[in-house]
1. Might you let me know whether region 59-81 holds any residue that is in contact with a Phe, Trp or Tyr (Cβ under 9 Å, 6 or more places away or on another chain) and assigned to a strand (DSSP E or B)?
2. Among the listed residues LEU545, LEU532, which satisfies the condition of being in contact with a Ser or Thr (Cβ under 7 Å, 6 or more places away or on another chain) and closer than 22 Å to ARG507 by Cβ?
3. Would you tally the residues in region 283-294 being more than 18 Å from LYS347 (Cβ to Cβ) and part of a helix (DSSP H, G or I)?
4. Being within 30 Å of TRP359 (Cα to Cα), under 22 Å from the mean Cα position of the chain (by Cα) and free of Cβ contacts under 8 Å to residues at least 60 places away in the same chain, is that true of even one residue in region 525-538?
5. Given (1) of a type in the set (Val, Ile, Thr); (2) modelled with pLDDT of 90 or more; (3) closer than 20 Å to LEU502 by Cα; (4) assigned to a loop (DSSP other than H, G, I, E, B), identify the lone condition not met by VAL113.
6. In region 504-539, which residues are acidic (Asp, Glu) and more than 19 Å from TYR454 (Cα to Cα)?
7. Being more than 23 Å from the chain's Cα centre (by Cα), crowded, with 19+ Cβ neighbours inside 10 Å and of a type in the set (Val, Ile, Thr) is the filter here; which residues of region 435-463 pass it?
8. Give me the residue from region 564-586 that is touching a residue at least 40 places away in the same chain (Cβ under 8 Å) and part of a loop (DSSP other than H, G, I, E, B) and, out of that set, surrounded by the most Cβ atoms within 10 Å (Cβ to Cβ).
Amino acid sequence: MGAQDIFCTFQVLIKKALLQVAGKSGQQVLVSDGAVDVPKDLKFGDMSSNIAMVFAKKIGIPPRELAEDIAAILRNDDRILSVNIAGPGFINWFLRPEYVKKRLAAIIVSDDVGDKKFGFQNIGKGKKVNIEYVSANPTGPLHAGHARGAVVGDVLANMLRSVGYDVTREYYINDAGNQINMLARSVYHRYCEQLGRDIGALPSDCYSGEYVSEIAQALVSKYGNKFLDQNENEWASLFKQFSVQNQMAIIKRDLADLGVHHDIFTSESSLIEKGLVKEMIKFLQDKGFVYKGVLTPPKGKVVDDWEPREQTLFKSTAFGDEIDRPLLKSDGFWTYFASDIAYHRDKFCRGYDILIDFWGADHGGYVKRMEAAVEAIANKKLKVKICQLVKFIRDGKDVKMSKRAGAFITLRDVLDAVGRDVIRFIMLTRRDDVVLDFDFTQVVEKSRDNPVFYIQYAHARICSVFRQYKEFFGVDFDVDAAKNANLSLLSSEEELGQIKLLLRWPRLLKTAVLALEPHKIVFYLQEVAVGLHVLWNAGKNNLALRFINPNDKVETAARLALLYATKTVVSLGFEIIGIEPVEELR
């Protein structure tokens, strides 16, 4: 399917040209992938390459001179209209309109072949990838901010799968440790309250949301007053298990309604019970990466896991971390870090080639130590993506969130307010490492300022044109009509610009996958929508450019073939980001 990517086609051409010039100079050059991309400013060309600057020193020819030699060869290719050199040696070229229009047919044909979707190349070649995302503590419902990691992780999984990776989506359940203990105690207080006891004010570290009372009520319904006035060791285990199961059921339901599904749910407590943490400790001890020692106090800042006592430590500094990290707490329980190392080792033992983790903004300081641990256990690199905060705005004011205080917007609240597709789209309208504003008012507006509406409007407009075609000509405009259209009739600047934009889809998808950047899909779809609306407005201003000419079915078919290709690419983008394209906006 690489033939669909015209950038690959011209990458081969420019590499051959470089080798031809290098041969004349007597130099042997090993050429890997020479960069061919879209110029930052399209006035310079349809494509651009920096290959002359990359290889000038190796070949022994000044960059601009080498660029001129390569350009002379490119000018002999009948697919290229013109070539120019810019700056220190950038090679830019424009494609012939005839070639551009011919390549449009590849998009239309691909829509008629189920397993060969346009741009879905086999880059991954079956490599096994594990993507862990969401993994929120089951101490309450998912808050609205969790939607960002959920959507970004899910869309990245779709992207990787579309280009040939064997992807597993995983959720890590943090069901061990003090937060779960505190949840169980919070539920017990409400359990006693449900049974008529005056519990007074809850301790400050308890969870106080309404969901805690709902868990307690469920326990009363099932067990009555069986645990009233009992010691904690009599009810703690059951209350923890019951509370976690209750919250995970709600979490899974809300994620499903967001269109997010995980293949595997792995429990932290099960890793500990199976002895995988002890097994990991021994594995690292045998490699010389675990020792007993006392950490020196950190200078200039507070580190939450520093204690002035002898501890079991992981030699994190051997892999670039600033200090070694504790694995065992003073109470005899494993640190979260120890469990996390065991968890990642378990994933590698399950046969994954690549591990990708999506974490919240508050975990940025945890990245270096986890990268060090993965390098120690598997001699591989962990890919960590940090999703920055989402600022929810209602009536012009920021909405504050605190799960423990119970004052937060849940994912369910946002799903009920705006729906799945709006959430999924908006969460991709910024890079995941940038804070995102989610304005409840703006996301439901039917205006250009609402990016969801703007792109859906483009798709709906195309569908409306197809309906008009049927009214005028009595038949549907289908894939066969698009395949048989005379594409040579497309000649306006707007039409050629839209075709070139559509032909960038395979390269855009590949670039987004390799950079692990799902937002690039939405940014591209916004460009495609702009191009479609430009075509629409061109027809309003010039009757000769209208999509439908009732007196010329052949010309109409050519224009609708371009719309068909646009609709195909938009639908593929929507498929990856997991939203439904609409055919009519009401």
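The values are calculated or read from the model by the stated rules, or taken from the named source; none is laboratory data. Remember, it's a predicted structure, so these values are computed and weren't measured experimentally. Cβ atoms come from the backbone with ideal geometry, glycine included; neighbour counts cover every protein chain shown.
1. yes
2. LEU532
3. Matching residues across region 283-294 total 2.
4. yes
5. Result: VAL113 fails condition (2) only.
6. Correct list: GLU517 only.
7. ILE462
8. Selected residue: ILE579.
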